[in-house]
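The values are calculated or read from the model by the stated rules, or taken from the named source; none is laboratory data. Note that this is a predicted model, so its numbers are computed, not measured. All Cβ positions, even for glycine, are placed from backbone atoms using ideal geometry, and neighbour counts span all protein chains on display. Side chains are part of the model used for accessible areas, which takes the heavy atoms of the whole protein and leaves out ligands, DNA and RNA. Shrake-Rupley method; radii C 1.70, N 1.55, O 1.52, S 1.80 Å.
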Number of protein chains: 2
Amino acid sequence: MARLVLKFGGTSVANLDRIRRSALHVKREVDAGHDVTVVVSAMSGKTNELVGWCGEAASLHDVREYDAVVASGELVTAGLMAIVLQSLGIPARSWQGWQVPILTNDAHGSARIQSIDPTAIIEGFAAGEVAVVAGFQGLHQESGRITTLGRGGSDTSAVALAGAMKADRCDIYTDVDGVYTTDPRIVPKARRLDRVSFEEMLEMASLGAKVLQVRSVEIAMNYNVKTFVRSSFEDPANPSAGTLICAEEDIMEQQVVTGIAFSKDEAQLTLRRVADKPGIAASIFVPLAEANINVDMIIQVVSDDTTTTDLTFTVPTADYERARVILEKSRESIGYSVLQGNTDVVKISAIGIGMRSHAGVAARAFKALAEKGINIRAITTSEIKFSLLIDAAYTELAVRTLHSLFGLDRAA
Amino acid sequence: MARLVLKFGGTSVANLDRIRRSALHVKREVDAGHDVTVVVSAMSGKTNELVGWCGEAASLHDVREYDAVVASGELVTAGLMAIVLQSLGIPARSWQGWQVPILTNDAHGSARIQSIDPTAIIEGFAAGEVAVVAGFQGLHQESGRITTLGRGGSDTSAVALAGAMKADRCDIYTDVDGVYTTDPRIVPKARRLDRVSFEEMLEMASLGAKVLQVRSVEIAMNYNVKTFVRSSFEDPANPSAGTLICAEEDIMEQQVVTGIAFSKDEAQLTLRRVADKPGIAASIFVPLAEANINVDMIIQVVSDDTTTTDLTFTVPTADYERARVILEKSRESIGYSVLQGNTDVVKISAIGIGMRSHAGVAARAFKALAEKGINIRAITTSEIKFSLLIDAAYTELAVRTLHSLFGLDRAA
């Protein structure tokens, strides 16, 4: 008998039919004798509707009220899931975030979980009761107000609950049957991975793979929560295991590259002929940081005359215009001649813990892309991944090229 | 400077445009220097949608989960109203029922308010803050679970809050501009009343007028809350006062009859030739009471042979079939010859505190209806009202006849 947390995302609770199908997955685990906690998202589309209403109410709005509004979607699905489970003969009750309680800090809109007391839920297990917890939300105890955990926050609710109650497993049910080597819509030969390490998953999630919220992976890693990504759309009587996110040492055979991620949410800015003197980087990046703009890739190239340099970096597309305005304003204090920008770029990343022990992986990628005539605008690397900025038009060609190069293609 | 509670019903918060218009009514009172608490319903249609989903989830469902689901609609409008008020420059914050807290008993689905602690809301007044409270809901403290107050429960939330904080006035904003002598759709000559006594309003609400939840009137009466029914659809800069629900002694000139209500939610059952012996009434009505069926009007007529009697009574239309089944089953124990039923009936009531001091009011009505050829199937009277059961086909004729008879018609 194990203790399980099962999380169902928006498409898995989109309507009563889908809730019923998801409930059959819960029933299978209950029938197997496990103690089950269910975490649910809002019905797909609901959170967007609520967010839209907040925007309609006022373009700049109190994020505490935003949280009170948008957290309501999960309350609906938690109650409905409890009712459906009861109709299947399974004792169940819903838990709103503040009832558990799931306590967070007061960073409304993207709050961080500080503590979870699973005592009451665990007491319910003794009576054979399934707990259905509304995801995405918590309580800031000092103010007594509702908080939300940011987009995809129900993943974090699930993994954090699993950690708090020392669950044997956390299953993240979604509309795909696991984590793929890359987006199958781009690369038909993409393969489902049986296992991915926490570190790799963290990079994939950060670099554009949307299957899990980044913070949920961090928590899974910190608490060593065995997490599966699997599909609620499969036959509940005969499900596949999906992809296990686990510690590195639990992965026997390590690929050099495990997956290729890509993100169109990058915009490039280039400052031409910046005076090459100490403190110049600060004069550029401090104002951006103060405006809460994350700078990602940075490359610096000495220009023809050796007294100036060209500086290229990327920012999230949403912050591109703001970043331009800030840089225009600081033109004199920075001292550059031309500001160039490009939003039509994509960041392609290859991730694999095997890179630690294999040199020259990135170099192989550069060569392969060059052979296809793809120009690399910027490069960043870390211990287990490298990222390349290229023109968006080459996205598919580049992803497929790297996918083949690193042996990820499914056997025909 | 006064302390006010303003309640906005579903049609007054149906969308962002309507919320904005309602917010302007709030702003008018804030600008006048008043301390304001706002109570909101769910957007019109939302509660029905949530109730529908619960029914779709399981026809028989846990009413505690039903409450958790259906209470979510008001959370949305409370947050949105707070955001809109802030956008008008008014400090505001939303309060969920459990945050206030509004404590109730555990009669989920139609819980009764047991206590309200308005301390935190009143503290907000000092900072010029408007409290926006989600109506219709409360918290059962022992179980820590959400309760709802039944259909129209936001009226009750508003009046109870007004009582708890000793508000000077409670304004119930709706889509009509007050309480009418009868339904203007049936009687075009219906008049808006300037004042109605609590007792009359209680009877009107119980007898079919849908403008206020019955319990809200009981609470208004018990705590002597000066309650106005008025329209949110009018120009916020130039609103009319609506109808004041107040103590009897605040009404100078008392009409004999104040209003005519009617309800099609009645079904008639007649037992023919019931043995006229002691205990017979119990053998009929105890099984119905045990099945939670409310019996309303009862008349007993001695039949031709003096050893038996005919018994006619009414039950809510929704309970008609269940009542028939129970009576069929107890045929032998009761001992009757024929069971007859009729759902095509209507109960028409005339209400007025003036009846206390005027004899023969009902008799005048019987005569006027007889002259129109309308057959009266049953009669009940109380101190300030009488009710007549007639064939539904005569509804409009009967209501108009009584409306004219008692001098309620608007001057042309």
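Things worth noting here:
- Surface accessible to a 1.4 Å probe, A:Arg20 within the full protein complex, Å²: 80
- Each other copy places its own label point for B:Ala281 at 9.5 nm from this one, sorted shortest first, where the point lies 7 Å along the Cα-to-beta carbon line.
- Inverting the pair-averaged 1/r between distinct Cα atoms of the protein assembly as shown gives 31.1 Å as its Kirkwood hydrodynamic radius.
- Translational D in µm²/s for the stretch B:305-412 (Stokes-Einstein at 10 °C, 1.306 mPa s, Kirkwood Rh from C-alpha pairs): 98
- Build a GNM of chain B with springs between Cα atoms under 10 Å apart, and of B:Asp155, B:Asp177, B:Asp117 the one that fluctuates most is B:Asp117.
- Interface area, A with B, accessible, probe 1.4 Å, both sides summed, Å² nearest 100: 3000
- Isotropically averaged projected area of the stretch B:1-104, using the convex hull of Cα atoms (one quarter of hull area), nm²: 7.1
- Spherically averaged projected area of the convex hull of Cα atoms, the stretch A:338-387: 4.4 nm².
- Summarising the rotation from chain A to chain B, the nearest chain A beta-carbon to the axis and its distance in Å are given as A:Ser72, 2.
- Label geometry 7 Å along the beta-carbon vector: A:His358 inter-copy distances in nm: 9.7
- Scanning chain A for GluC sites (Glu not before Pro) in DSSP loops with at most 10 neighbouring Cβ atoms within 10 Å leaves A:1-141 as the longest stretch between them.
- From largest to smallest, the equivalent ellipsoid semi-axes obtained for the stretch A:198-252 from the alpha-carbon gyration tensor read 21, 14, 10 Å.
- Annotation: per residue accessible area for chain B equals 41 Å², rounded to a whole number [probe 1.4 Å, protein chains only].
- All C-alpha pair distances within chain B, sorted into 20 Å bins from zero, spread as 25, 51, 22, 2 percent across the bins.
- Legend: residues in the stretch B:61-82 shielded by at least 30 square angstrom of accessible surface upon adding the remaining protein chains to the isolated chain (1.4 Å probe, heavy atoms) are B:Asp62, B:Glu65, B:Ala68, B:Val69, B:Ser72, B:Leu75, B:Val76, B:Leu80.
- Legend: translational diffusion of the stretch A:210-354 by Stokes-Einstein, Rh = Kirkwood radius over C-alpha pairs, 10 °C, 1.306 mPa s; D = 85 µm²/s.
- Gaussian network model of chain B, Cα within-10 Å springs - most flexible of B:Gly73, B:Gly335, B:Gly242: B:Gly335
- Restricting the calculation to Cα atoms, every distinct pair contributes to the Kirkwood radius of the stretch B:3-248, found to be 17.9 Å.
- Cα-based Kirkwood hydrodynamic radius, the stretch B:49-116, one decimal, Å: 13.8
- Spatially near lysine pairs across chain B, Cα under 15 Å, sequence gap of 8 or more or different chains: 7
- The HN-Hα couplings worked out from phi for the stretch A:182-187 by the Karplus form 6.51 cos²θ - 1.76 cosθ + 1.60 (θ = phi - 60°) are 6, 5, x, 6, 8, 10 Hz, whole numbers, x standing for Gly and Pro.
- The stretch B:245-310 versus the stretch A:260-328: alpha-carbon centroid distance in Å: 83
- Near the amide H of A:Val132, within less than 5 Å, lie the amide hydrogens of A:Val38, A:Arg93, A:Ser94, A:Trp95, all on another chain or at least 5 residues away, with H placed in the peptide plane.
- Apportionment of accessible area to carbon and sulfur, the protein assembly as shown, percent (1.4 Å): 49
- Restricting the calculation to alpha carbons of the stretch B:112-252 gives Rg and Dmax of 15.9, 52 angstrom.
- Per-residue [θ]222 nm for chain A (sum of -39500 (n - 2.57) over DSSP H runs n ≥ 4, rounded to 500): -10000 deg cm²/dmol
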